[in-house]
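Shown next, in structure tokens, is the structure this report addresses.
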């Protein structure tokens, strides 16, 4: 039987299910489409415990075989920050209850958890334990989260290097792109009308290089900047800041006549709308950035359109200028406004049919389906080694 078909898979996610999708949401959808029964575990509800736990399992309406698990702990979540051994004692009992509620044996635990909320040892005898960090491990618990895994996949070699001490088989698997984004894009570009530059992502993130972002918008009044993603508190299921600096940034951004904020939209709508763009901007402060400028999920979605990307330094693509036009500096983005002007001033070259075709082909070779084929081949070898 294929390794990734007709299996019961429990996905451990640090982000809730919501309108904004990142890697763990897309993998859940693709695994379900392969014929697996997939259970997506939201993070536990936080807040004061009333000594009563709850577990709700419900099918998600848009994808067959995909189930969302929402749960509340019977003990205070705050113990995680002050008494991790006690927190884990309670979590062990909670996960036993959760597995009973699922009611079926789990074949694969697939963890994106970087908080060590759910140590693999609590899941008993399962066929395979996959650890899949897609963000930079910034705290000791993020490293400890890998303990007990059978295999590690990650989107950067820098992340994989941090888990070498465990001696676990580790493999680079780039960010994927969902099928929604792989409709053949037209080979058009700026044709004399208004140039449109897109940005998708959470505008409330504190690691956005806000000063540079605003400078680029201010210095290019004839370019329309269209942004998709959270810009108000409560928009996002994947976090963000609501402090006074964030509010001031949003006030400044909203004051520009050449900025359009669409808010968070479903993946299907985003895939259609970004095809109207002539290029894309990525503008993070990599000293603050949770990914440390190594890789971003959005890059592959942008590449799928065929259009040029102008970005802060991203190590995964530093040898691939056809895919991403980036600044050289790993310290700051002082070169980014000039690079932006240079690239947008020659879109006929940067969006030539040949370059667009190369980008689209690269994205197609990194669909979530293709990434799961790569993962399945690796897991097949691991299973063979276990049997031999």
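The values are calculated or read from the model by the stated rules, or taken from the named source; none is laboratory data. The structure displayed is predicted, hence computed values, not measured ones. In this analysis, Cβ positions are derived from the backbone assuming ideal geometry, glycine residues included, and neighbour counts consider all displayed protein chains.
Quick check on the range 157-182: of everything there that is without any contact (Cβ under 8 Å) to a residue 40 or more places away in the chain and outside any helix (DSSP H, G or I), which residue is nearest to residue 367 (Cα to Cα)?
172
With the requirement that a residue be over 18 Å from residue 55 (Cβ atoms), outside any helix (DSSP H, G or I) and free of Cβ contacts under 8 Å to residues at least 60 places away in the same chain, what does the range 82-126 give you?
Those that are over 18 Å from residue 55 (Cβ atoms), outside any helix (DSSP H, G or I) and free of Cβ contacts under 8 Å to residues at least 60 places away in the same chain: 83, 116, 119, 125, 126.
So which of 56, 30, 45, 104 is surrounded by fewer than 17 Cβ atoms within 10 Å (Cβ to Cβ), assigned by TED's automatic domain parsing to the domain that holds residue 128 and either touching a helix residue (DSSP H, G or I) at 6+ places or on another chain (Cβ under 7 Å) or within 24 Å of residue 133 (Cα to Cα) (or both)? Give the derivation first.
Values: 56 fails: either touching a helix residue (DSSP H, G or I) at 6+ places or on another chain (Cβ under 7 Å) or within 24 Å of residue 133 (Cα to Cα) (or both); 30 fails: surrounded by fewer than 17 Cβ atoms within 10 Å (Cβ to Cβ); 104 fails: either touching a helix residue (DSSP H, G or I) at 6+ places or on another chain (Cβ under 7 Å) or within 24 Å of residue 133 (Cα to Cα) (or both).
Within the list 56, 30, 45, 104, the selection yields 45.
Is one or more of the residues making up the range 284-301 at positive phi and over 19 Å from the mean Cα position of the chain (by Cα)?
No, because not a single residue in the range 284-301 is at positive phi and over 19 Å from the mean Cα position of the chain (by Cα).
I need a count of the residues in the range 120-178 that are in contact with a strand residue (DSSP E or B) (Cβ under 9 Å, 6 or more places away or on another chain) and on the phi > 0 side of the Ramachandran plot.
Matching residues across the range 120-178 total 1.
Considering 16, 65, 8, 36, which residue is at positive phi and buried (at least 17 other Cβ atoms within 10 Å of the Cβ)? Can you show your working first?
Numbers: 16 fails: at positive phi; 8 fails: at positive phi; 36 fails: at positive phi.
Selected residue: 65, the only one of 16, 65, 8, 36 that is at positive phi and buried (at least 17 other Cβ atoms within 10 Å of the Cβ).
With the condition kept exactly as written, say whether any residue in the range 242-264 is in contact (Cβ under 8 Å) with a residue 60 or more places away in the chain and either assigned to a loop (DSSP other than H, G, I, E, B) or not assigned by TED's automatic domain parsing to the domain that holds residue 160 (or both).
Initial filter on the range 242-264 (in contact (Cβ under 8 Å) with a residue 60 or more places away in the chain): 264.
Still in the running and either assigned to a loop (DSSP other than H, G, I, E, B) or not assigned by TED's automatic domain parsing to the domain that holds residue 160 (or both): 264.
Yes; the residues of the range 242-264 include at least one that is in contact (Cβ under 8 Å) with a residue 60 or more places away in the chain and either assigned to a loop (DSSP other than H, G, I, E, B) or not assigned by TED's automatic domain parsing to the domain that holds residue 160 (or both).
Can you give me the ranges of the strands (runs of 3 or more DSSP E) entirely in the range 25-75 with at least 1 residues that are modelled with pLDDT under 95?
Values: elements: 37-41, 54-59, 66-72.
Here the list reads 54-59, 66-72.
Going through the range 70-101 one residue at a time, which ones are in contact with a helix residue (DSSP H, G or I) (Cβ under 7 Å, 6 or more places away or on another chain) and closer than 11 Å to residue 41 by Cβ?
Answer for the range 70-101, where residues must be in contact with a helix residue (DSSP H, G or I) (Cβ under 7 Å, 6 or more places away or on another chain) and closer than 11 Å to residue 41 by Cβ: 71, 95.
Any residue that is without any contact (Cβ under 8 Å) to a residue 24 or more places away in the chain, surrounded by 18 or more Cβ atoms within 10 Å (Cβ to Cβ) and in contact with a strand residue (DSSP E or B) (Cβ under 8 Å, 6 or more places away or on another chain) - is there at least one of those in the range 368-387?
Residues of the range 368-387 without any contact (Cβ under 8 Å) to a residue 24 or more places away in the chain: 373, 377, 381, 384-387.
When the remaining residues are screened for being surrounded by 18 or more Cβ atoms within 10 Å (Cβ to Cβ), the result is none.
No - not one qualifying residue is present in the range 368-387.
Here are some conditions: (1) closer than 19 Å to residue 223 by Cα; (2) out of contact with any strand residue (DSSP E or B) (no Cβ under 9 Å at 6 or more places or on another chain). Residue 332 meets all but one. Which one does it not meet?
Of everything listed in (1) closer than 19 Å to residue 223 by Cα; (2) out of contact with any strand residue (DSSP E or B) (no Cβ under 9 Å at 6 or more places or on another chain), residue 332 misses just condition (1).
Please tell me if residue 166 is at pLDDT 95 or above, surrounded by fewer than 19 Cβ atoms within 10 Å (Cβ to Cβ) and within 16 Å of the chain's Cα centre (by Cα).
Numbers: at pLDDT 95 or above: yes; surrounded by fewer than 19 Cβ atoms within 10 Å (Cβ to Cβ): yes; within 16 Å of the chain's Cα centre (by Cα): no.
For residue 166, the condition - at pLDDT 95 or above, surrounded by fewer than 19 Cβ atoms within 10 Å (Cβ to Cβ) and within 16 Å of the chain's Cα centre (by Cα) - is not met.
Give me the helices (runs of 4 or more DSSP H) completely within the range 305-388, filtered to those with at least 3 residues that are farther than 26 Å from residue 170 by Cα, over 19 Å from the mean Cα position of the chain (by Cα) and not assigned by TED's automatic domain parsing to the domain that holds residue 149, ordered by residue number.
The qualifying helices (runs of 4 or more DSSP H) are 336-344, 347-350, 353-364.
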